[in-house]
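See structure below.
The values are calculated or read from the model by the stated rules, or taken from the named source; none is laboratory data. Please read all numbers here as calculations on a predicted model, not as lab measurements. Reconstructed Cβ throughout: ideal geometry from the backbone, glycine too, with neighbour counts over all protein chains shown.
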Amino acid sequence: MKYGDWACDLSPALAASMFSAIEALEVTPDFILNTGDDPAHDVWAQTQELNLEAVRYVAALQQNMSFGGRRPIVNTFGNHANSPVNQFQGPGGDDWLYSGAAQAWLPWLSEDALRTLTFGGFYQMRVAPKLRAVVMHSTMFSGGESGNWFFTVNRTDVGAQFPWLDVVLGEARERGEKVLLLRHCPISDFDYGFDEMMRNVTESYSDVIVASFAGHSHTSWYTVQRDAATDRIPLDVTYVSGSGTPGGGNPTFRVFHYDLDTYEILDYDQYWVDMDQANANGRPEWKKDHSARPYYGLKDLSAASWERLARSWLQGADNMTSWQHYARAMTRNRRPAESQNRPVQACTALSVTSELYKQCMGDPHAELPTHADLGSSMPGELIKVLIGSQPVAQCSKCLDGEMTWCWKDSSCHLIGSLKNPCSNAQCASASKISACHCKTCGDAECSN
Ligand SMILES: [Zn+2]
């Protein structure tokens with residue numbers, strides 16, 4: 001099981017193979033976008049140092065690609081960046097993370113980016129001549145049980161991120177530039193009125209923002225934003241591009257094609273690896289699964305086309321080809337299309353806020369499902385953007401050598417070590433697999 005386990009995050013070996021696959025693409029990407037959450041989900045075992053180790057590990061893989069030092073690579077903070085998880089205080093409270101990550105991402109940061117990143121975890125980066133990636137620290141606006149606890153208590157924009165966003169987007173407009181907007185959390189995860197605020201900003205600058213990108217959910221989906229006044233004009237698409245982590249499906253990344261003059265997104269290719277096959281063959285084989293335009297029968301990738309597609313699912317039947325394709329891609333070839341609910345997913349694609357979702361579902365009690373950069377190109381080629389990846393470093397401890405997992409102290413130990421509070425009988429499989437969720441002897445997660 002060198003290449004990972006369904007119960008765990010992306011193994012280091014599979015993460016390395018993903019970056020090799022990116023490196024081996026026919027055309028060198030112009031830039032790479034990483035939508036965040038480099039640390040694993042073993043939140044009980046995390047420390048600030050381990051989380052930074054994960055950030056550094058991913059940055060090293062990025063930089064070690066042949067073009068890694070030359071092409072812009074844009075990283076984002078996810079909710080798992082902090083330790084303890086989901087507890088971001090903002091400026092002055094999370095300096096260890098902001099400055100630690102800034103060190104790791106230094107090869108790609110301008111002075112301006114360094115300044116705002118170390119202040120509040122957000123920044124912008126030029127990724128093409130008239131194109132910026134604008135990176136929000138979105139967990140600062142996600143509250144509730146699974147969101148940022150500090151934000152739940154103090155529901156304000158403590159880092160003045162929205163005023164900054166306004167300045168940056170205004171500047172881009174003045175200079176005739178375009179923007180790719182990155183957030184770890186989709187707008188639907190913003191709370192306490194900040195979803196509406198995000199929606200307003202996106203609408204105000206829809207002439208500047210080419211598209212929005214998010215992660216967090218471990219599934220592949222999209223959502224369309226329409227104008228607030230009439231709710232009829234599609235303005236923006238958020239692409240949630242799957243993930244490197246196996247939680248939710250087979251590991252994926254995407255390659256986006258865009259027009260070199262207008263920066264309009266023309267198409268994307270979704271790549272994947274069959275994790276069972278990789279483990280069985282001892283060799284991961286990354287391959288293209290589909291290109292969005294022909295796969296969904298779209299004439300282009302405009303917000304209007306994505307809107308029409310989701311509306312057709314609302315009116316159609318479960319055997320519609322485009323719906324079957326979408327449902328299959330959502331779980332990254334892990335579960336059958338039948339595992340997805342068509343009206344729920346259609347309305348999710350059509351609703352950036354919970355209010356809009358309730359209206360779409362025709363149910364005042366409906367809950368929007370929580371879903372859990374960049375460089376040149378060959379002349380005349382399309383620029384490519386790659387998104388995804390949630391590699392994790394901690395699991396490597398259980399993958400190396402004769403290690404075993406102990407649930408008592410949530411740690412890996414050498415088999416037979418006297419320091420291991422678990423007896424062999426308590427984790428008798430003595431699995432070399434990371435088995436992050438292994439609780440008892442004989443637990444399926446403990447077995448090889
Ligand atoms: Zn996340």
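Suppose we filter the range 238-274 for residues that are among the hydroxyl-bearing types (Ser, Thr, Tyr) and under 20 Å from CYS185 (Cβ atoms); how many remain?
Count: 6.
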Checklist (1) buried (at least 23 other Cβ atoms within 10 Å of the Cβ); (2) within 18 Å of the chain's Cα centre (by Cα); (3) closer than 19 Å to SER20 by Cα applied to MET275, failing item: (2)
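Select from the range 44-68 the residues that are within 16 Å of the ligand (Cβ to nearest atom) and assigned to a helix (DSSP H, G or I) and write down the one among them that is surrounded by the most Cβ atoms within 10 Å (Cβ to Cβ).
VAL58
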The range 69-101: number of residues that are modelled with pLDDT under 90 and either away from the ligand (no atom under 16 Å from the Cβ) or assigned to a strand (DSSP E or B) (or both): 2
Qualifying residue in the range 9-18 (condition: at pLDDT 95 or above, in a loop (DSSP other than H, G, I, E, B), surrounded by 24 or more Cβ atoms within 10 Å (Cβ to Cβ) and polar (S, T, N, Q)): no
Sole exception among (1) within 16 Å of the ligand (Cβ to nearest atom); (2) farther than 30 Å from GLY93 by Cβ for SER11, by number: (1)
